[in-house]
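Here's the structure, in structure tokens; my notes come after.
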Amino acid sequence: MRLHHDRSLLLIVDFQAGLLPVIEGGTAAIEEASWLAGIANALHIPVWLTEQYPEKLGGTSARLLDELGEHKIWQKHHFSVMEEPPFAQALEALSPKQVVICGTEAHICVLQSALGLLEAGYQVFWLSEATASRRKEEARLARERACANGAVAVSADMVAYEWLYQCDTPLFKEVHQRFLKPRSARPVTFF
């Protein structure tokens, strides 16, 4: 299945200041999530963030917030954001069919949220290079488990070009100049 910008939502899970210092690859994950969020904003795709127990883990990383345009933040105490009734109800009301998910920790909150989304009937796309854990092996296992249950592993470039769909529009040219052209010089790393 292909991603469609008019059916999508970008969900960024728990990139929190108190958690990031122990996340392997956390800085690179934030860069990828931020980059894709910029494209999502340009295409008017909703960008939602979650914060797990922010009283103890702190709020969303200032580094990520500084880069984000329009977004909504949801606080949660369940590991799966789908267990939070206000979030689940708002998502149902918004009615996206496809959720691109990333964040930390891959094997806990991202995985449980992805599984909850799949159980609720959403198409889930696991943004591989923007999803991390304390240990790389746990992030890899989380991606494998999510994909074994129906999620699709994707890269930020895959998502961006599927959302854009064609190259002969003024919107493509604008996004290409702002986001895609400068990116070609940056290496993409996968675990």
Pairwise centroid distance, computed over Cα atoms, of the range 145-173 with the range 19-84, Å: 19
Sequence-distant lysines (8 or more away, or on other chains) whose Cα lies within less than 19 Å of LYS56: LYS76
Estimated vicinal HN-Hα couplings, Hz - the range 164-169 in sequence order (Karplus 6.51, -1.76, 1.60; Gly, Pro = x): 6, 6, 9, 9, 9, 10
Helical contribution to [θ] at 222 nm, DSSP H n ≥ 4, -39,500 (n - 2.57), averaged over the chain, rounded to 500: -11000 deg cm²/dmol
Theoretical gain in end-to-end length, ASP157 to LEU180 [0.36 nm per residue, Cα-Cα removed]: 7.4 nm
Derived scalar couplings ³J(HN,Hα) [the range 76-87; Karplus, 6.51 cos²θ - 1.76 cosθ + 1.60; whole Hz; x for Gly, Pro]: 9, 10, 7, 5, 8, 5, 5, 7, 9, x, x, 5
Cα gyration tensor, the chain - rounded (a/c under 1.5), prolate or oblate: rounded
Lysines whose Cα lies under 21 Å from that of LYS173, excluding same-chain neighbours fewer than 8 positions away: LYS181
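Just so you know, all these numbers are worked out from the coordinates, no wet-lab data involved. Since we're looking at a predicted model, the values are computed, not measured.
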